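Read the figures in this text as sums done on the coordinates, not as results from a lab. The structure displayed is predicted, hence computed values, not measured ones. Cβ placement follows ideal geometry from the backbone for every residue including glycine, while neighbour counts extend to all protein chains displayed.
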Amino acid sequence: MSLLTISGLALAVPSAGEWRTLVEEVDLTIGAGEAVGLVGESGSGKSMTARAVLGLTPPGARVSGSIVFDGAEVTSLGAKELRALRARRIGMIFQDPRAHINPVRSVGDFLTEAMVANLGLPAREAAARAVRLLAEVGIGDGARRLRQYPHELSGGLLQRVMIASVLALEPDLILADEPTTALDVTTQSEVMAILDELRRERGMAMLLITHDLELAAATCDRLAVMYAGRIVEAREAGSLTAAPLHPYTSGLLLSRPRLEETVHRLLVIPGRPVAAFEADPGCAFAPRCAHALAACGEARPVFDGTVACTRSAELTLQGES
Amino acid sequence: MSFLLKRLAGLAVVLLVASFLVYGLLYLVPGGPMAFLLGNRSGTPEQVAAIRAQYRLDDPFLLRYLSWLGDALTGDFGSSLVYRQEVAALIGSRVATTVLLVGYATVLISAGGIAMGLLAGLRGGRLDTAIGVLSSLFLATPPFVVGVLLAIVFSVGLGWFPVFGPGEGLLDRLYHLTLPAITLSLASAAFLARITRASVREELNREHVETARARGFGERHIVRRHVLRNASIPVVTVTGLNIAGLIAGSVVVENIFALDGLGSLFVRAILQRDFAIVQAVVLVLVTAFVLINLLVDLCYSALDPRLSR
Amino acid sequence: MSRLGGLGTAAAALLAVVAVTTLAAPLLAPYDPDFPDLLSALAGSSSSHPLGADALGRDVLSRLMYGARTTLLGPALVICVSSVVGTALAITAAWAGGRVDAVISRVLDVLFAVPGIVFALITVAVLGPGIPGVVAGLAVAYTPYVARVVRSAALRERSLPYVAAAWVQGRSAFAICVRHLLPNLRPIIVAQSVSALGFAVIDVAAISFLGLGVQPPAADWGLMVKSGFDSAMRGQPLEAISAGVLIALVVASVSVLGDRLGRTV
């Protein structure tokens, strides 16, 4: 049985007197200890999907469908059970640690706060454990670091602090929302490697939210690609990148510069990404798709668990070369 | 430390300039200082001689200023022409009332303003609207109008509070100071409520609060440890600025309620052209104003780790 | 009008009514504001005196109508002087930069250290009670508030390319400031001045209330609150209440207007 099962998830927020759909018909499963990447451009609904797992949807949002975590339906949990779920079972790593860590509290406060409040550890013990965790994420001199304030640490160090704070609670699932996007390019891979390694050691599952298909493929067992609030392709990481079935996935793979070869002109996907509520009645990607037929704009293709494209059987798409 | 030294040096400069202006203004008066000091009084030759001696009118200006400043620094502001008393003693006997009034008003402002702001910011809804309307009303009504209306309703009309006088003994004094303190605090409390509400709202929407939610903390824990602590930074600043502003407001309020504080002494001295008192009171008020502003800055950097070091 | 919103329009309308009423006071007022009718001293509301009469039997309504003149004249002068001087200082500081900017900023810092009403009381002490002393003191005290806002806006404006373009075309600094900077800063200056006007009305009326501003027997709202307070002690609160409420209404309208103008900048 899988750890997390999302089925038929839809999410809409009220805006200017009407409902704006951000996520629609999302099905996703994550097994215990498994890493799944949720890939898409900004506005594709990937962050909202992750937040829905924790019940952290914007105020007034309408959520339907089912999110089952370890046998319990998250969407119908009471406030208290939801808090217990967030406190012990699922941890979240946010994109921008500078904004997501309280600037007026010390690093030590941030790390020990949850251990004291959620695990009931005495402050001294929590501090000792925080120092050990900092060492594990590659920050030496932990005792001094605990006394420092967030503004005294670099973005990369601060993101390691955030990772340590999540590991501290030994959750079963980590939701990592673009954990390296806000960091310097030089520290991105380092932080990602630390996160992945420590998670594997502890057998924690991870849902990695990212716009970077290559990063997700390198880290995750399975990938799901989102476009306009829907999953358009979900497969095992290696086969998805080698032979994509959806034109959008192929476009994402080809529009990325490669170190190994010199390309004279980078391929781009024409047009701009749309959110779910802006999409036309047919396939949301059809207006930007090189392979679209007239029929694509009429009926929305159904996601069969692998891909949501009516032409996937007849097309041979280019993947990672 | 260098921050504190820098601020203290700035404070000294401000006080020096203020003292020079206050002293020098006396000489800008049409007719010169003698005409001014005598005012409407007709001076006998002895009085004129006494004034010439007290203000050293025969010495050069800068020398006179420096000797006056030297005396002022040791607490000697000369003596009042009207009261025939040492100015320092006169001020000393009045300062307690003003300090008590400003202190009382500060308590009311901090308690009332912050409580209203928190209620409006955390609860929202109709309570928020009601507090918003009320604070706009208080902000637009000048303190002297508030004082007169309060006195008319609660003293003359209902007879709950005495209208005039400072009272005797601490409790009776506080009772007498209640209406004046409310008068002094309404506008500032309204302003503080607005600032508190705005900063609580802003903090609630911060990303780090989302992190706290994601970590499973209860709403009370989040408000206490993350929202209030962070929102307190602008609130402390505004509270401090308000207290500094109360020093000016007390001049007006003391005159409505006939309290024997610095403010009423000041206004009477202006009307009677008793310049030794005017100079001394201005220096005391400006010193207090500047000191409070300095204290606020110190609190500010203590609350926000990004500013210290 | 639409950019003011409903409340802003109402505030502007109220100020317009006050202005028209006081200008047309000789036509509209039922009585001579200074005529003492001792028989109706401290009279309550009646058909002949809608807002009663004061301690000397002068008609309160008539005095309120005329009183807007003295009540608003002082604050208007304060704002005119402080806006002109503050803007000139601010643009000079922003344009010259360097040492000139440093000196101007330090002087403004010192002025900030003295509360406005205390400043006005000092000038009154020197010049004697009356509007000239009050206006001189408050104008100086309000200047740094204008100058600070305008200086930062002028610095922003100065860095825009059109200023450099005009400079390259050989225009003089003065011409650029007057022909280009000033028109672009005008909305900010206007919004700031209107907001400050509310505070000036409060300060001037308070000083008149203390007996150091407008002198009796002139009709003035601040003075009327004072004399009305004495009447209230003798059982007739109508004068104090009507003058006080009127001041609050005018201040509220001015601050709403300043707020709306500030938002549309």
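On the beta carbon distance between residue B:8 and residue A:293, with R0 = 60 Å, the FRET formula returns roughly 0.15. Taking a span of 15 Å or more along the helix axis (Cα atoms) and a mean Kyte-Doolittle hydropathy of at least 0.5 as the rule, the DSSP H helices of chain B that qualify are B:2-25, B:61-73, B:87-108, B:125-140, B:170-204, B:229-256, B:275-303.
Here the protein assembly as shown is assigned +1 on the Cβ of each Lys and Arg and -1 on the Cβ of each Asp and Glu. Its dipole about the Cα centre then comes out at about 1080 debye.
What does the charge count around residue A:211 come to, taking other residues whose C-beta lies under 12 Å from its C-beta (Lys +1, Arg +1, Asp -1, Glu -1)? Computed value for this residue: -3.
Can you pull the mean other chain C-beta count within 10 Å for peptide C:220-231? Mind dumping the intermediate values first?
Values: counts 0, 2, 3, 0, 0, 7, 4, 0, 2, 9, 0, 1.
The shielding value for this peptide is 2.
Database remark: amide H of residue A:22 closer than 5 angstrom to the amide H of A:11, A:12, A:13 (H placed geometrically; neighbours at sequence offset of 5 or more, or on other chains; Pro and chain starts carry no H).
Fewest first, what order do A:291, C:49 take by the number of other Cβ atoms within 10 Å?
Numbers: A:291 15, C:49 22.
Least crowded to most crowded, the residues run A:291, C:49.
Between residue B:128 and residue C:112, the simple spin-label model (points 7 angstrom out along Cα→Cβ) gives 3.2 nm. Under 5 Å between amide hydrogens, built in the peptide plane, is the criterion, and for residue A:153 it picks out nothing among residues at least 5 positions away or on other chains. Cα centroids of segment B:245-267 and segment C:27-89: 25 Å apart. Given R0 = 56 Å, the distance between the Cβ atoms of residue C:73 and residue A:201 translates into a calculated FRET efficiency of 0.10.
Loop by DSSP (not H, G, I, E, B), at most 13 other beta-carbon atoms within 10 Å: where is the longest site-free stretch of chain A for trypsin sites (Lys or Arg not before Pro)? Provide the component values of the computation, followed by the final result.
On the way: sites that count: A:258, A:265.
The longest uninterrupted stretch comes out as A:1-257.
Taking beta carbons within 10 Å but only from partner chains, what does the mean come to for residues C:250-260? Please list the in-between numbers first.
Working: counts 1, 5, 5, 1, 1, 3, 2, 0, 0, 1, 0.
Mean shielding count: 2.
Counts of other chain beta carbons within 10 angstrom of each beta carbon in peptide A:103-116 average 3. According to the Cα-based calculation, Rg over Rh for the protein assembly as shown is 1.08, with Rh computed by the Kirkwood formula.
For chain A, the longest stretch holding no GluC sites (Glu not before Pro) located in a DSSP loop with at most 13 other Cβ atoms within 10 Å is which?
Numbers: sites that count: A:260, A:261, A:298, A:314.
Value returned for the longest uninterrupted segment is A:1-259.
Between residue B:306 and residue B:48, the contour length at 0.36 nm per residue exceeds the Cα-Cα span by 86.9 nm. Angle of helix A:107-119 to the longest C-alpha principal axis of chain A, folded into 0 to 90 degrees and rounded to 10: 90°.
Which ordering of B:174, C:72, B:294, C:138 is given by a fewest-first count of other beta-carbon atoms within 10 Å? Don't skip to the end; give the middle numbers.
Details: B:174 13, C:72 23, B:294 16, C:138 28.
Ascending number of Cβ neighbours within 10 Å: B:174, B:294, C:72, C:138.
Note on segment B:94-308: dipole from Cβ charges, positive end direction compared against B:216, B:283, B:149; the farthest Cα belongs to B:216.
Relative to the longest principal axis of the C-alpha atoms of chain C, give the angle of the C-alpha long axis of helix C:238-264, reported between 0 and 90° and rounded to the nearest 10°. Tilt of helix C:238-264: around 20 degrees. PRE reach from residue A:19 (point 7 Å along Cα→Cβ): which of segment A:50-74 fall under 12 Å by backbone N? A:61-65, by backbone N distance to the label point. Between segment A:67-116 and segment C:160-174, what's the alpha-carbon centroid distance in Å? After rounding, the separation between the Cα centres reads 56 Å. Look at the dipole of the protein assembly as shown built from charges on Cβ: of C:155, C:254, C:224, the Cα furthest out on the positive end belongs to C:224. Compute the longest continuous run of chain B that contains no exposed chymotrypsin sites (Phe, Trp or Tyr not before Pro); treat a site as exposed when its DSSP state is not H, G, I, E or B and it has at most 15 other Cβ atoms within 10 Å. The reported range is B:165-309.
Estimated from the Cβ-Cβ distance and a Förster radius of 30 angstrom, the FRET efficiency linking residue A:218 and residue A:316 is about 0.75. The spacing between segment B:83-134 and segment A:1-49, judged by their C-alpha centroids, is 51 Å. Here, chain C has an Rg and a Dmax of 21.8, 76 Å when only alpha carbons are counted.
With a 10 Å Cβ neighbour count serving as the proxy for reagent exposure, in which order, fewest first, do B:185, C:62, C:152 appear? Don't skip to the end; give the middle numbers.
On the way: B:185 29, C:62 23, C:152 13.
By the 10 Å Cβ count, ascending, the order reads C:152, C:62, B:185.
Projecting the Cα atoms of B:119, B:179, B:245 onto the charge dipole of segment B:94-308 (Cβ charges, centred on the Cα centre) puts B:119 farthest toward the positive pole.
The angle between the Cα long axis of helix A:155-167 and the main principal axis of chain A comes to about 80°, on a 0 to 90 degree scale.
Starting from 0.36 nm per residue, how many nanometres of slack lie between residue A:280 and residue A:135 once their C-alpha separation is accounted for?
Values: separation 145, 0.36 × 145 = 52.20 nm, distance 5.08 nm.
Length gained, residue A:280 through residue A:135: 47.1 nm.
Computed from label points 7 Å out along Cα-Cβ, the spacing between residue B:111 and residue C:172 is 6.4 nm.
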